[in-house]
Structure formats: structure tokens, C-alpha cells
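Step one of this worksheet: look at the structure below.
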Amino acid sequence: MEKDNRRIRVECRKLLITRNELDLQWLIGSPFFPPLTILSTFRCIHSDPSGPDFHRESEEIRALLLKGFDVIGALIVGKSDTEKTAVRAIEATRKLRKVLSGSTNSVNEETIGAVADPDTGDIRFFVSETEGSTSLELVNSVSYDENTEKFVWETGCLLRCEIPIKLPFCFPVNKPADAENIFLRAVEAVIAKFKDPNVVYMVEASSKASSDVVQPVILRGEELDFDTALPNIELLDKAVHNSDQKLLRCAHFCLKNKSTPELFSVENADIIQISVLLNRSEKSPKCKAPAVEYFPAMEETRLLIVDFNLEVLCYAVQGIPLMHAVSKLVIPGLVDQLNLMKKMTLPNLLTQHPQLHPYHFSLPGIAHPITVAYELNYGETEMKQVDIRRSLHLRLGLPFDRPLIRIANALDLSTKDRSSNSSTRKGSSLLKDVHIGIPSGGVSGGSVSLVQGSYEYYHYLQDGFDDSGWGCAYRSLQTIISWFRLQHYSSIDVPSHREIQQSLVDIGDKDPSFIGSREWIGAIELSFVLDKLLGVSCKVINVRSGSELPEKCRELAMHFENQGTPIMIGGGVLAYTLLGVDYNEATGDCAFLILDPHYTGTDDPKKIVNGGWCGWKKSIDSKGKSFFLHDKFYNLLLPQRPNMV
């Protein structure tokens, strides 16, 4: 049976992460959106033939998922009885939600059970209204929205609360086993303070993207509402004006004018800053001097201080009142993050404490941020950290050759003015992505495949260094290395000509006299340098003449689709950087998007593009001429993305 008005709304680009038989995925929604709205999906990675490990799943999802989002259903891949499979998905969801909430009460919210066919990928959706319901409703009305970011961020904002905590506690030296319980009680005392009637939460706008000045608002613990369930909170209309500060809408601090679709994103979201202050003197009956109480230890004790650096990010719609945003989102987020760090600290409580720091990431295909707490005592390349990231990539359906959740890719929420979008990276004045805005290559019926990500344009005479006539391959290599740097595969500086030469000497490819010379290098030398400096492997394609290059166009298009790195084309003493191809597979017609390192002018994008230093070159132009010479041998260097997370 299906209700006429029931509809599943899918607001994520990739709902089905895998088609492996019996795989389960958690469906993520939000109480701020219409029921049965799916915003993202997390793979269940802790399970056995008997079902999911709900305790481990809940711990990891609670750490990853921002308050303001929750689990609303599950999807199972399988070909067995569809309705029975949907029942299993719904039962798993309800068990997980109980563990997440810490409650044994019945879950009476609508729950989605979806079943995907492993062969076709077709998905059928079922809904159960209450836990006691014995029947499922098949929902055939399903809509897929392509503009997910607009849906989430047009009326959404972020709440950010950062608290550094130094937690001191003492334990008897001759009873080290007591340290754990004393530490746990100290953590519980901190958690209790978050709900203390005397605690003060200061709410203020953290963005200066608007000229408006909004005064901070003070909320006291006694004014907060911890009882009303989040789905039952009444969202306030913008027409409602409240003089009571606790009933002000979050929109009061949302200053950004989202006039263009590009502004609907995590990076451009309004951020409301929440600060926690302790006020112990507000209701004192009379003024008095501070008093210090002394409790002498009856036995030898040891003092330990544990540092917690909490940084909680929550999602809210602009219509929610501030008091509910703090009590139902921020405070639960602080409690969960503190409990997570408590658990990570316990194994080494009496030795070296972990340096824990939460980071927030905006990931492709997921419209909302996620939070990851990293242990900074470990380097990012150590296997413990690599295993953590690999597990996260698996859960979130991310490719394993993209460093998407490395610290360098974390959202920067600390700056006050995040409205500017500079075209150059910090510390560099070089042009980036000069090909953007250039029309396609003009191949009739062609398909364009381009470099993925950003790069810097290196060319002759930059940095006051005269390499005209011999340094084009060096410049192409610098552009390629800048790509790996800007995609956060490496943090090394882009090497100079001398440093490139030194690398080739270090590996024994060149004699020491090569350093400081003006000798050319080619594809093989570039591959050696990339391997030494970045650990990047390369594929080299040889063609006997420029007329054979179009035959490689299909392979080049596949490279840009799958690897996305810039390519170096070398022929004789000339080298170019290839940024894309426009290719008609049926006719064989093609064009090459060339970034020319032989340019010697100023870094003026219009001058570069209009002068043909960055643009499309057809295999055969209207005059029957080819950019690539027919009598010249060419090497193509195709750098491969490292298989690293």
C-alpha cells in the first residue's frame, strides 16, 4: 500500500556506493528537511554474517556526522525477497538509532528500507512509520535532485564551537588502577558544566562577508531547552521579530548574500561562532573576596593534566531559535566529541597522551561536511593514520587515489573573512588554471576531457631566471609538480632548475657537471624526478611522428578521465604541457589543449590566452597544417596518481 503524498527525495549524487551482494549502507537525512529526504549515504564497514556491529558503527558515525544530520534508513544490496530485505534494513536502522541516542525506547519515526539490485543498480524504497508497525509501504514516487548544494545551503548555516580544555586530576601513586575512574569522573564533571544554569554561551557572527555589524547575543544555561525533541522544534519565519534574545533565529547572524549558485556550498556557508563562558557571580547575594579551600592529600599523589581541544561543527537551518541551536546541537556535539577523545586517551592515560585534534572536510558527492579526529603524534604517512583514512574512504565511497581527508584538505574555518576567492595559493604569485574559460576545441561531435584540479603556470624567464631556449621541459615539470602540490599529494616546494638537476645527479642518471648547466631534459628524466621527489610513477608513450598523435587521443582522454594529471609532450628540444583533449571517437578528429612553457611575457591571463600560449591546437587545422611536426619523434609523459589516501 502506498500513500498518495509519500515521496522519497534523493539529494546526493551517488546513492549506491557498491553493488556487492549483502552490503549495507546507512542513509543520512536531517530533521530540518522534509521526511524521507536522503542527503548522503555511509557504508556499514563493521559487520559479520549475523549483521552489523552496532556499537562500532555508532561510535564511528557519531564522530563523523555533524549534529543536524542523522540516520534515517538503510539500503541493502541483494536479490533475495525484496520486502524481507527491506525489513532487515529498517530493523538495522532502528537498532543503530537506539545505540546512537543511548535510549532503549521505541523509535517511532518514519524509517526507510531500500533494496538495490546488484545487477541493474535499480533501487526500491519501502517505509515503516513506527517500530510496532507490521506492514511496509512501497514508495514508487522518487525524485533525484542535481542541485544538492543549493538544497542544503540556501537556508542552512554552520554553528562552530571551539573549547580548549586542560583537565587536571590527581590519583594515588600506589594505586595507579584508580586513575581511570578518577579521570572518568573528571570528564563527567566537565560534561555537567555544559548544562550548568550559570554557564553562558556567547553567540556571534564569524564572517565579515557583509558590511552589517551584528552584536553578540548572550544565552544563559537556565534559558536553554533540553527537553524538546529536535524534530518538534518550531522553526521561526523571517517575518517574526523577537525581542527575546534566546528566541532570535540563527538567520540573525547569517550575513552572506547568496546571489549566485556558486555560493551554495560548505565553503561559503555562514558560520555562527559559539563561545562557552563560566559565570559564577551573577546571583551572588553579596560581594565577597575569592576563597581558596585546601584539601591535603593523605597519601602520595600524582598530578596529571590532559589536554582536549574541542572544535565542534553543527548544521542548522536559519529558522531555528538560538536557544534550541545551542541546547540541541552544540552542547550534544561537545559532549560526543569529549567522550570520543576520552575513549582515545584512556589506553595511554598514564603514559604519553595522544595529541587529538578534530578536522572538518568537504568531500565530493557529499553536500554536508564530516568531522574526523586525528592523532597528531603520528605522521600522516604512518600506517596507523593511513589505515584510519583508508577505512574512512571505504565508508564514504571515496576513491583511494585521492588525498581527500588529509589534514591539508581540511576546511579552514579560522579566518574571519572567507568571502574572497584568490586565484593563487598562499605564498605564490603565479597564475593558476589559465585554461578555465577557454571554449572547447571546436571538434564537431567531440568530447572534451580535461585536467582535474588546479595547477600553476610555469614558463620561461620566471623568477628572474633566464632559461629561454633550453628550460621548457623543466617548466613543464614544475607545472606538473605544482598540480601534485595543490591537490595535497605533497607539501614539497616546486623545485628550481638546479634542484631538478641535483635530483638527477643524486640518482646517478647524470654526472655532477650537469648541475648548473643548460642541458635539455626529456620525458625519461622527468619521470625520474617525479619518482624521486614525489614517489609518482609515470607512463611514457612514444610516437614516431606528430601525425601519429591523433591515434593516441583515445588513450589520452582516458588518462584525463581516470588520472586527471597534466601531461608533458616532448619532441626534440621542445616541450609542452597538455591539459586536455577534444576527441570525436567516431571520426578520429581531435584537438589538444596546450599550455606553452615557451612564453616570455608578463603573467597576464588575457595576453597568454589571446596570444595562443594556452589554447586548443587541432591535429589538422583549416589550412591543412598541424601543430605537431610530422617528421619529429614525440614522447608523452603521463604521471599517475599515487594510490594513497
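The residues in the stretch 71-102 that are small (G, A, S) and buried (at least 18 other Cβ atoms within 10 Å of the Cβ) can be counted, and the count is 6. Within the stretch 103-134, the set of residues being open to solvent by 50 Å² or more (accessible area, probe 1.4 Å), among the polar types (S, T, N, Q) and closer than 29 Å to E59 by Cβ comprises T104, N105, S106, N108, T130.
Quick check on S482: is it without any contact (Cβ under 8 Å) to a residue 60 or more places away in the chain, surrounded by fewer than 17 Cβ atoms within 10 Å (Cβ to Cβ) and in a helix (DSSP H, G or I)? Criteria not met by S482. Of the strands (runs of 3 or more DSSP E) lying entirely inside the stretch 5-82, the ones with 1 or more residues being hydroxyl-bearing (S, T, Y) and closer than 24 Å to L158 by Cα are found at 40-43. The single residue among F54, F42 that is of a type outside the set (D, E), in contact with a strand residue (DSSP E or B) (Cβ under 6 Å, 6 or more places away or on another chain), crowded, with 17+ Cβ neighbours inside 10 Å and within 21 Å of L396 (Cα to Cα) turns out to be F42.
Out of curiosity, is I436 closer than 26 Å to I608 by Cα and surrounded by fewer than 20 Cβ atoms within 10 Å (Cβ to Cβ)?
For I436, the condition - closer than 26 Å to I608 by Cα and surrounded by fewer than 20 Cβ atoms within 10 Å (Cβ to Cβ) - is met.
The residue pairs whose first member lies in the stretch 361-387 and is over 22 Å from D145 (Cβ atoms) and free of Cβ contacts under 8 Å to residues at least 60 places away in the same chain, whose second member is of a type in the set (S, T, N, Q) and crowded, with 16+ Cβ neighbours inside 10 Å, and whose beta carbons are closer than 6 Å, counting only pairs six or more residues apart or on different chains, are Y378/Q385.
Give me the residue from the stretch 139-152 that is of a type outside the set (D, E) and touching a helix residue (DSSP H, G or I) at 6+ places or on another chain (Cβ under 8 Å) and, out of that set, surrounded by the fewest Cβ atoms within 10 Å (Cβ to Cβ). Restricting to residues being of a type outside the set (D, E) and touching a helix residue (DSSP H, G or I) at 6+ places or on another chain (Cβ under 8 Å), the top hit is N147. The residue that is most open to solvent (accessible area, probe 1.4 Å), among those in the stretch 523-556 that are of a type in the set (V, I, T) and closer than 24 Å to V573 by Cβ, is I524. Among the residues of the stretch 618-635, those identified as touching a Gly at 6+ places or on another chain (Cβ under 8 Å) and either of a type in the set (K, R) or modelled with pLDDT of 85 or more (or both) are K618, K632, Y634, N635. Would you check which residues across the stretch 343-375 are assigned to a helix (DSSP H, G or I) and either among the β-branched types (V, I, T) or over 25 Å from the mean Cα position of the chain (by Cα) (or both) and list them? Residues satisfying the conditions are T345, L346, P347, N348. The residues on offer are L394, L303, and the sole one that is aliphatic (A, V, I, L, M), at pLDDT 90 or above, under 23 Å from the mean Cα position of the chain (by Cα) and surrounded by fewer than 16 Cβ atoms within 10 Å (Cβ to Cβ) is L394. Answer yes or no: is there a residue in the stretch 562-574 that is open to solvent by less than 10 Å² (accessible area, probe 1.4 Å), part of a helix (DSSP H, G or I) and of a type outside the set (F, W, Y). No, the stretch 562-574 contains no residue that is open to solvent by less than 10 Å² (accessible area, probe 1.4 Å), part of a helix (DSSP H, G or I) and of a type outside the set (F, W, Y). Looking across the stretch 215-253 at every residue that is in contact with a Leu (Cβ under 9 Å, 6 or more places away or on another chain) and open to solvent by less than 40 Å² (accessible area, probe 1.4 Å), the one that is modelled with the lowest pLDDT is identified as L236. Could you tell me which residue of the stretch 456-479 is surrounded by the most Cβ atoms within 10 Å (Cβ to Cβ), considering only residues that are part of a loop (DSSP other than H, G, I, E, B) and under 34 Å from the mean Cα position of the chain (by Cα)? Top of the filtered list is H459. In the set I163, I191, only one residue is assigned to a helix (DSSP H, G or I) and of a type in the set (V, I, T); that residue is I191. Here S490 clears all of (1) open to solvent by 60 Å² or more (accessible area, probe 1.4 Å); (2) of a type in the set (G, A, S); (3) at pLDDT below 95 except the condition numbered (1). All conditions but one from (1) charged (D, E, K, R); (2) touching a strand residue (DSSP E or B) at 6+ places or on another chain (Cβ under 8 Å); (3) part of a loop (DSSP other than H, G, I, E, B) apply to K175; the one that does not is (2). On the stretch given as the stretch 44-62, residues that are touching a Ser or Thr at 6+ places or on another chain (Cβ under 7 Å) and in contact (Cβ under 8 Å) with a residue 40 or more places away in the chain total 1.
The values are calculated or read from the model by the stated rules, or taken from the named source; none is laboratory data. Please read all numbers here as calculations on a predicted model, not as lab measurements. Every residue, glycine among them, receives a Cβ derived from its backbone with ideal geometry; neighbour counts consider all protein chains shown. Quick note on the areas: whole protein, heavy atoms, side chains included, nothing else; ligands and nucleic acids left out. Shrake-Rupley method; radii C 1.70, N 1.55, O 1.52, S 1.80 Å.
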